[in-house]
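Q: Dumping the structure here so I can ask a few things about it.
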Amino acid sequence: MAVQWVLVCHGLVTLLVVVSFLCGQWPIFQGTFIERIHFFLTSGAYDYFLRFVGAVFGSKCSNAVLSVEYYCCDRPNPILQIFYLGILSMTYYFIVKSSFAYIPGYYLSGIHRYTSLLAVAVGILLFLLTSFSDPGTINSANVSQYLSAYPYDNIIYAEKECSTCKIQKPARSKHCSICDRCVARFDHHCGWMNNCIGERNTRYFMAFLLWHFLLCLYGTVAIGLVLAGRLKELRVVYILTVYYGIENSFLGLAPHVAQWLLGSYNTLILIAVFLAIVGMLLAGFFGYHAKLCLTNTTTNETFKWQEYMSWQRKLNEAKASAAALRASISGMSSDRKPLLSKWRAFFQRSPLQDGQIVQNNVYDKGFVHNVVEVIYPLSSRPSFTRPKLKPT
């Protein structure tokens, strides 16, 4: 029984660490212990480690650690790509070793031995497509086409030159400091892919997220059916009710069935829990990016809009404060005005509400057009490279 509780605690701790690391910065966790764990995992622990290395081994060792950090985080490198392939191959290896002996089974046919391999192969193919495809690199040869394809909105994008590439920056583009190139319709730099996600490969990235979510769902359901089949084949419920006299109800049988499964198939259960957790995270990540695609927005633009609206909000507050100050000064010098009813003052519109800030995304051209633009990027269309005719 002690082993089962260790496995349960291990699963809960793993879930807490994964959720805290990936989702701890979300607004829903603000001010909670999950946010504090996220801060410790992402920056606090590393700062303590640097201080420890500097105090014990000196500045040369701490500089060496910073050099490794620069290579891992600030330059293109295949570390996370290798890590992904390692996770995928080891997970599939453990699934094969622990579950293929029971396939075909009571609920699963033998074809799942081959469909599972095919599903993993498709996932690797999408990974390679996203990793090694051109995200939409902007250079002197195609900058004019991108300038025509994405006009400036003069809100979050205005005409300017890239200080590194020395070419004009089209709207929606950004110079990636890691890849050292300007990328059209830049979304973010993905360390797992060792590549930027931009105008030309967002479709592969979305397909990668969706497929891996379905892959995790498939694995979780398949393992669940394997375990359900073992319960049926070994007649566990019959033995518990007839020979041990346990009440034939869900509440009566569930603890004993769970104990038997943890004792007999703990590896399969751990894999299923791992796949379920990763699947939920992938579903959330895919949902977030799907929403961006449906509104023709990028992750980079989301931050730009937040900065712009925050600046506008502060500007409106400053204007309202200045107007209130002028009104109070003029009120002191003029005749005394009749007092405003408390009810009227309660329902009176706030000066800040008069200047509501609206996000005006000029690139959002409707659900269908936005989806087509992701699936069939502008730069891959014949009209993109066709020279524009000048009016006579």
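Read-outs: derived from the displayed coordinates by stated rules, not from any lab. Note that the coordinates shown come from a computational prediction; the quantities given were computed from them, not determined experimentally. Every residue, glycine as well, gets a Cβ built from its backbone with ideal geometry; the counts of neighbours run over all protein chains shown.
Q: If you keep only loop residues by DSSP, which GluC sites (Glu not before Pro) in segment 192-291 have at most 15 other Cβ atoms within 10 Å of their Cβ?
A: Working: sites: 199, 233, 247; in loops: 199, 247.
Within segment 192-291, the qualifying GluC sites (Glu not before Pro) (loop, at most 15 other Cβ atoms within 10 Å) are 247.
Q: Taking the beta-carbon count within 10 Å as an exposure proxy, list 150, 114 from fewest neighbours to most. Walk me through the numbers on the way to the answer.
A: Working: 150 19, 114 9.
Fewest-to-most ranking of 150, 114: 114, 150.
Q: What ranking do 178, 223 get, fewest neighbouring Cβ atoms within 10 angstrom at the top? Working shown, then result.
A: On the way: 178 15, 223 23.
Taking fewest neighbouring Cβ atoms as first place, the list is 178, 223.
Q: Right, next: Can you check what the net charge comes to around residue 175, using other residues whose Cβ is under 13 Å from the Cβ of residue 175 (Lys, Arg +1; Asp, Glu -1)?
A: Details: positive: 160, 166, 169, 172, 174, 181; negative: 161, 180.
Charge balance in the 13 Å sphere: +4.
Q: At 222 nm, what helix-only mean residue ellipticity would the chain give, in deg cm²/dmol to the nearest 500, using -39500 (n - 2.57) for each DSSP H run of four or more? Could you put the intermediate results ahead of the total?
A: Working: 15 runs with 244 residues, N = 392.
Counting only the DSSP helices, I get -20500 deg cm²/dmol.
Q: With viscosity set to 1.002 mPa s at 20 °C, what whole-number translational diffusion coefficient in µm²/s follows for segment 26-164 from Stokes-Einstein and a Kirkwood radius over Cα pairs?
A: On the way: Rh = 21.3 Å.
Answer from the Stokes-Einstein relation: 101 µm²/s.
Q: Helix hunt in the chain: which complete DSSP H runs extend at least 15 Å axially by C-alpha with mean Kyte-Doolittle at least -0.5?
A: Working: long enough: 2-23 (31 Å, 2.20); 45-57 (17 Å, 1.02); 59-74 (21 Å, 0.13); 79-99 (30 Å, 1.25); 112-132 (30 Å, 1.55); 202-233 (46 Å, 1.12); 250-264 (20 Å, 1.00); 266-294 (41 Å, 1.89); 299-333 (52 Å, -0.70).
TM-like helix candidates: 2-23, 45-57, 59-74, 79-99, 112-132, 202-233, 250-264, 266-294.
Q: With no solvent and one point per C-alpha, what does the Debye sum give as log10 I(q)/I(0) for segment 7-94 at q = 0.14, 0.19 Å⁻¹?
A: Treating every Cα as an identical point scatterer, log10 I(q)/I(0) equals -0.77, -1.09.
Q: Using unit Cβ charges (K, R positive; D, E negative) and no other charged atoms, how large, in debye to the nearest 20, is the dipole of the chain about its Cα centre? Intermediate values should be presented prior to the final figure.
A: Numbers: 34 positive and 20 negative charges, 188 e Å.
Around 900 debye, computed over the chain.
Q: Just need the relative contact order of segment 26-180 here, percent rounded to a whole number, with Cα pairs under 8 Å and 6+ apart. Kindly include the intermediate steps, with their values, before the conclusion.
A: Working: 61 pairs, mean separation 22.5, N = 155.
It comes to 15 percent, rounded to a whole number.
Q: Would you list 48, 308, 265 from fewest to most Cβ contacts within 10 Å?
A: Working: 48 11, 308 15, 265 19.
Listed from fewest to most nearby Cβ atoms, that is 48, 308, 265.
Q: Turning to a different aspect of this structure: Averaging sequence separations of C-alpha pairs under 8 Å and six or more residues apart, then dividing by the length of the chain, give the relative contact order as a whole percent.
A: On the way: 349 pairs, mean separation 64.1, N = 392.
It comes to 16 percent, rounded to a whole number.
Q: First check a/c for segment 212-328, with a ≥ b ≥ c the square roots of the eigenvalues of its C-alpha gyration tensor; if it is under 1.5, answer rounded, and if not, answer prolate when a/b is larger than b/c or oblate otherwise. Mind dumping the intermediate values first?
A: Details: a/c = 5.91, a/b = 2.86, b/c = 2.07.
Prolate, because a/c is 1.5 or more and a/b exceeds b/c.
Q: For q values of 0.09, 0.13 Å⁻¹, compute log₁₀ I(q)/I(0) with the Debye formula on a Cα-only model of segment 153-275, without solvent.
A: -0.53, -0.69
Q: Given all pairs of different Cα atoms, what value in angstroms does the Kirkwood hydrodynamic radius of segment 217-274 take?
A: On the way: mean 1/r = 0.0833 Å⁻¹.
Value: 12.0 Å, from the Cα pair sum.
Q: Take the alpha carbon atoms of segment 256-270, find their center, do the same for segment 41-82, and report the distance between the two centers in whole angstrom.
A: 40 Å
Q: Relative to the compact globular guide of 2.2 N^0.38 Å, what is the alpha carbon radius of gyration of the chain, as a ratio? Present the calculation step by step, with values, prior to reporting the outcome.
A: Values: Rg = 28.8 Å, N = 392, 2.2 N^0.38 = 21.3 Å.
Scaled against compact globular proteins, the figure is 1.35.
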